[in-house]
1. Quick one: would you say Gly208 is closer than 30 Å to Ser81 by Cα, touching an Asp or Glu at 6+ places or on another chain (Cβ under 8 Å) and small (Gly, Ala, Ser)?
2. Search the range 129-152 for residues being under 25 Å from Asp297 (Cβ atoms) and touching a helix residue (DSSP H, G or I) at 6+ places or on another chain (Cβ under 7 Å), and hand back the single one that is surrounded by the most Cβ atoms within 10 Å (Cβ to Cβ).
3. Condition test on Ala110, is it under 19 Å from the mean Cα position of the chain (by Cα) and at pLDDT below 95?
4. What tally of residues in the range 217-234 results from selecting those that are surrounded by 22 or more Cβ atoms within 10 Å (Cβ to Cβ) and either in contact with a Ser or Thr (Cβ under 6 Å, 6 or more places away or on another chain) or closer than 17 Å to Thr127 by Cβ (or both)?
5. Could you say which residue among Ala220, Ala225, Ala212 is over 21 Å from Arg36 (Cα atoms) and not β-branched (Val, Ile, Thr)?
6. Restricting to the range 177-209, name every residue that is in contact with a helix residue (DSSP H, G or I) (Cβ under 8 Å, 6 or more places away or on another chain) and among the hydrophobic types (A, V, I, L, M, F, W, C).
7. Here is a list of conditions, (1) within 25 Å of Pro294 (Cβ to Cβ); (2) in a loop (DSSP other than H, G, I, E, B), and Phe118 meets all of them except one; can you say which number that is?
8. Name the residue that is surrounded by the fewest Cβ atoms within 10 Å (Cβ to Cβ), counting only residues in the range 3-38 that are modelled with pLDDT under 90 and of a type in the set (S, T, N, Q).
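The values are calculated or read from the model by the stated rules, or taken from the named source; none is laboratory data. Bear in mind the structure is a predicted one, so any value in this text is a computation, not a measurement. Please note: Cβ atoms are built from the backbone with ideal geometry, for glycine as well, and neighbour counts cover all protein chains shown.
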Amino acid sequence: MLVNAGNMNDLTKGFNTSFNKGLRNATSHYEKVAMRVPSSTREMQYAWLGAMPGIREWIGGRIIHNLSTSKYVVENRKFESTVSVERTVIEDDQYGIFGPIFEKMGADTARHPDELTFGLLESGFDTACFDGQYFFDSDHPVVQDGGAEISVSNFQDGAGTPWFLLDCSQPIKPLVYQSRTEFEFTQITSAHDENVFMNDEFTYGVRGRSNAGFGLWQLAYASKADLNGANYKAARAAMQSLKSDSGKPLGITPTHLVIPPTLEEMALTLLSADTLGGGESNIWRNSAELIMTPFLD
């Protein structure tokens, strides 16, 4: 191929088409578990997570809940992926081999929010959320109806591979995906560019800004115990028993079971089999949607 502006423009359109194909066809799950929040600044503060009052009978004056009593900040991060193509490869008409590479770049871009959100789940054992406790903790402070504070757990201890039970049916989700700048496919293909002149190669890449953060800890439960009927039952019961600061049931319904690939067989048995061990009927069949993600390692 003759390397000129017109041919390079056509070639870039082809690479961009491959990128968009990968972006369009990739499977991602983050929108099931995370609120997508647009961001227009370097960081966003989610103070409102600490004050979700619910509905009460109006007796006397209104009770005003301060939405700025807690401070939870998610700062946007910058991400990129870049590849170079030697000019001689294009001159020798071998550029067709790069289509799958750009398609893979598109697929990776589409799955990047999954990597952030599901990776954040695993860090919840040692990363604080809006109430100052670890997202998965045995000591979340909850104020009872009479004003006394108690500790509430959303964590089941054990020595096994972690699995997670989430309620994704609420307007607020267990996690937040914060988007500052959507990923954009760009290129350096001018023969007069310094990189092209000095290195005899063209450069293509994507850039975006985003991050993930924790939503309501009440909507997520983590377990390091074995994934079996008894522990699954205990996790569901713990979530469904949670109450608000005013003492009202939160109405939590676990909807999704999130696992790494190593727990696939146990999860499929629990959620799909007609019977469990001993031939007893499996009452947990179809009780939650299964999400298996490689971003839980």
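1. Values: closer than 30 Å to Ser81 by Cα: yes; touching an Asp or Glu at 6+ places or on another chain (Cβ under 8 Å): yes; small (Gly, Ala, Ser): yes.
Here the answer is yes, as Gly208 does meet what is asked.
2. First, pick out the residues of the range 129-152 that are under 25 Å from Asp297 (Cβ atoms): 129, 133-138.
Applying the additional criterion that residues be touching a helix residue (DSSP H, G or I) at 6+ places or on another chain (Cβ under 7 Å) yields 129, 135.
Numbers: Cys129: 23, Phe135: 27.
Of everything passing the filter in the range 129-152, Phe135 is surrounded by the most Cβ atoms within 10 Å (Cβ to Cβ).
3. Values: under 19 Å from the mean Cα position of the chain (by Cα): yes; at pLDDT below 95: no.
When the stated conditions are applied, Ala110 does not pass them.
4. The qualifying residues number 5.
5. On the way: Ala220 fails: over 21 Å from Arg36 (Cα atoms); Ala212 fails: over 21 Å from Arg36 (Cα atoms).
Selected residue: Ala225, the only one of Ala220, Ala225, Ala212 that is over 21 Å from Arg36 (Cα atoms) and not β-branched (Val, Ile, Thr).
6. Phe183, Phe185, Ile188, Ala191, Val196, Phe202, Val206, listed by residue number.
7. (2)
8. If we take residues in the range 3-38 being modelled with pLDDT under 90 and of a type in the set (S, T, N, Q), then Asn4 is surrounded by the fewest Cβ atoms within 10 Å (Cβ to Cβ).
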